[in-house]
Amino acid sequence: MNILAVNASPKGEKSNTWQLTCAFLEGIRSALPNVTIEKIELRTADVRPCLGCFSCWNKTPGKCCIQDDMAAFLEKRRNADLVIWSFPLYYFNVPGPLKNFIDRQLPMVLPFMTDRTDGTGNGSHPARYDLSAQKHVLISTCGFYTARGNYDSVLSMFDHMCGKNNYTTIFCGQGELFRVPELKQRTAAYLEAVLQAGKEYVSGGITPTTFRQLEQLLFPKEVFEAMADASWGISKDSGQKEEESLIFTRQMAALYNKSAWAGKDLVLEMHYTDLNHRYQILLTKDGSRVLTDCPYPYTTKIETPFRVWCDIASGRISGQQALFEQRYRVQGDFSLMMKWDDFFGPETDAKATNSKELSEKGTPSSAKEPSKQSAPGQTTNMNLLLLPWISFWILAAIHATNGSLISLGICLLTPVLFYRFQKTFYDMLSGLIVGSFCLLTLTGSPVEITLPLSYLAFGLMWSISCFLRLPLTAHYSMNDYGGTNALDNLLFLRTNRILTAAWGILYLLTPIWTRALMQTALSAYVGAINSVLPAGMGLFTAWFQKWYPAHFAAGRRR
Ligand SMILES: Cc1cc2nc3c(=O)[nH]c(=O)nc-3n(C[C@H](O)[C@H](O)[C@H](O)COP(=O)(O)O)c2cc1C
């Protein structure tokens, strides 16, 4: 397959639209590795305007009298199986150089008059060459929030040129966002859909699902428009240039998803310590507002050098890494930081898929709801790890043989009962260790020995994991902190390492009093007695995993 891609943006390779076209071509290439792709770069090409002399019709039929690059381009144009027209929308039409190119295609038609048969206008010229099998794809970005309604002139022209609806279009509003590094998460998702479209295009056609993704807005109308307005760096009131950190803060505020509002207004204060500039972003149910005089007590205050925050926003450095290195500090309510993506994150495909309405009306609340439910098999469950241990501790203490027998059954059944959950190494190890203790007890080892030893084994398992990259609790608490993404968060790992160590120490000590209790009349209740401390420890864990990150982020802990 021969593909001709015409890049008609005056920005050349730096064109927003060209990013989409490259993704589309990549998709095609992944499906058809042997395609040949030719490119015409109109920005640097010598394509002069048509002189209107008709010499290509009468004096030199099929040949233009202008000596420039167009003769070679027409050759490529004729030999292509697929032409991709890549251009920005200019004044609701194609940019001038592309219009020149299109005009200069006159040698490709014969001068005679014919009627059209597809209902497009009145009058046509027969084609000089049979290009009826040639296909066309139009890829374009425009500056307004939506492409809808803005491409009428373009469509009308291509209907005349290629035949009504005889081409495929990928038109995307909010085109300037493709050059904003801070928004890469969202634009990359869109480009991924374009790549998919390219793949599907040459494999039977773009599917309705992909088309729906391509039609979705990058951001809801009001979010985009606030961002776009802020991006010019001009005050709406005075028309004067604004301070860079204020422009940046306004753009950040524009990203606010008001569906994340949870019943009370929040005041996020940004203090750029190197500039000593402070701004407050008021987050309400109706949207966000930037206040330059900081009139309210803050809910959460971020103290950061301006450049550090810019680097985080553009993805040059990781926010979590920067926080762990205490390159910025957070005062006040830390929960806003924990839900940052809900407040300021882009719409993800997962949130947006299947929401048809998203494209025109902004975002329905259901689509913005952070997905709390993971697919089966994707989350871990600590009960899977605990159940064998607890059953052995309680039941074997009451009755060594029966208790061990039941516990052995539980070890075997737990993976089946919890089939919906992802199993960890520790789940499997637990089944193996507890099963061994059950067998030892069943084969005559005294429970006064196996029980304390099992606590020791449990304590060792937790303690040893503290020396590994992922401490034991991290495998389970990650479910509440964004899944496996949390495993790259150094603060999350440190919090879990401390908690795992605390639990490990508790269980390394437990055998001491367990052994002592086993000698007394309370021996049958040792499992129950040993549940009291862990219950307290559970409360401590719940408190610590919220308190420690906030305490650390406030810069009070190195
Ligand atoms: C001269 C000019 C005219 C434009 N006209 C429109 C327009 O009519 N409608 C629109 O939505 N965007 C318009 N835009 C915005 C561009 O279409 C938008 O910035 C596009 O993403 C640029 O793509 P490119 O980087 O591929 O050149 C115009 C931009 C310029 C410079």
| note | Restricted to the range 53-81 and to residues being within 20 Å of Ile40 (Cβ to Cβ) and of a type in the set (S, T, N, Q), the residue surrounded by the most Cβ atoms within 10 Å (Cβ to Cβ) is Asn79
| query | In the range 164-209, which residues are surrounded by 18 or more Cβ atoms within 10 Å (Cβ to Cβ), farther than 25 Å from Ser153 by Cα, among the β-branched types (Val, Ile, Thr) and under 19 Å from the mean Cα position of the chain (by Cα)? | reply | Thr187
| Any chance the range 225-234 includes a residue that's more than 16 Å from the ligand (Cβ to nearest atom), among the β-branched types (Val, Ile, Thr) and at pLDDT below 95? | yes
| Cys65: more than 24 Å from Val202 (Cβ to Cβ), out of contact with any Asp or Glu (no Cβ under 6 Å at 6 or more places or on another chain) and of a type in the set (A, V, I, L, M, F, W, C), yes or no? | yes
| request: Report whether or not Ala23 is within 16 Å of the ligand (Cβ to nearest atom) and part of a strand (DSSP E or B). | output: no
| request: Looking only at the range 406-440, count how many residues are farther than 15 Å from Trp389 by Cα and either among the hydroxyl-bearing types (Ser, Thr, Tyr) or not assigned by TED's automatic domain parsing to the domain that holds Ile390 (or both). | output: 2
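Please determine whether any residue of the range 79-87 is touching a Leu at 6+ places or on another chain (Cβ under 6 Å), under 25 Å from Pro126 (Cβ atoms) and either within 14 Å of the ligand (Cβ to nearest atom) or assigned to a strand (DSSP E or B) (or both).
yes
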| The listed residue being of a type in the set (Phe, Trp, Tyr), part of a loop (DSSP other than H, G, I, E, B), out of contact with any Asp or Glu (no Cβ under 8 Å at 6 or more places or on another chain) and in the same structural domain as Trp18 (by TED's automatic domain parsing), out of Phe171, Phe211, Phe144 | Phe144
| query | Applying the selection to the range 138-161, what residues are away from the ligand (no atom under 14 Å from the Cβ) and either of a type outside the set (A, V, I, L, M, F, W, C) or buried (at least 18 other Cβ atoms within 10 Å of the Cβ) (or both)? | reply | Ser156, Phe158, Asp159, His160
| helices (runs of 4 or more DSSP H) enclosed by the range 315-372 - at least 2 residues per element that are modelled with pLDDT under 90 and among the hydroxyl-bearing types (Ser, Thr, Tyr) | 365-368
| task | State whether one or more residues within the range 263-285 are more than 16 Å from the ligand (Cβ to nearest atom) and more than 25 Å from Trp340 (Cβ to Cβ). | result | no
| Right, Asn93: more than 16 Å from the ligand (Cβ to nearest atom), under 42 Å from the mean Cα position of the chain (by Cα), in the same structural domain as Thr168 (by TED's automatic domain parsing) and under 27 Å from Tyr201 (Cα atoms) or not? | no
| said: Here is a check on your reading of the model: is Phe101 modelled with pLDDT of 95 or more, in contact with an Asp or Glu (Cβ under 9 Å, 6 or more places away or on another chain), within 16 Å of the ligand (Cβ to nearest atom) and closer than 16 Å to Ala8 by Cβ? | reply: no
| request: Give me a count of the residues in the range 469-515 that are closer than 23 Å to Ile317 by Cα and charged (D, E, K, R). | output: 3
| query | Hey, among Pro49, Pro10, Pro33, Pro61, which residue is part of a loop (DSSP other than H, G, I, E, B) and within 15 Å of the ligand (Cβ to nearest atom)? | reply | Pro10
| said: Condition first: among the polar types (S, T, N, Q) and over 18 Å from Ala127 (Cα atoms). Now tell me which residues in the range 38-59 satisfy that. | reply: Thr44
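Suppose we filter the range 113-155 for residues that are β-branched (Val, Ile, Thr) and free of Cβ contacts under 8 Å to residues at least 40 places away in the same chain; how many remain?
Step one: of the range 113-155, the residues β-branched (Val, Ile, Thr) are 114, 117, 120, 137, 139, 141, 146, 154.
If we keep only those that are free of Cβ contacts under 8 Å to residues at least 40 places away in the same chain as well, we get 114, 117.
Going through the range 113-155 one residue at a time, the tally reaches 2.
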| Within the range 491-498, is there a residue that is among the polar types (S, T, N, Q), buried (at least 19 other Cβ atoms within 10 Å of the Cβ) and closer than 19 Å to Ile390 by Cβ? | no
| task | Go through Lys39, Lys76 for me and flag whichever is of a type in the set (Lys, Arg) and within 15 Å of the ligand (Cβ to nearest atom). | result | Lys39
| Positions within the range 227-261 being out of contact with any Ser or Thr (no Cβ under 8 Å at 6 or more places or on another chain) and in a helix (DSSP H, G or I), in sequence order | Met227, Ala228, Asp229, Ala230, Ser231, Glu244, Ser245, Phe248, Thr249, Arg250, Met252, Ala260
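The values are calculated or read from the model by the stated rules, or taken from the named source; none is laboratory data. Every value quoted in this text rests on a predicted model; they were computed, and no experiment measured them. Using ideal geometry, Cβ is built from the backbone for each residue, glycine included, and neighbour counts are taken over all protein chains shown.
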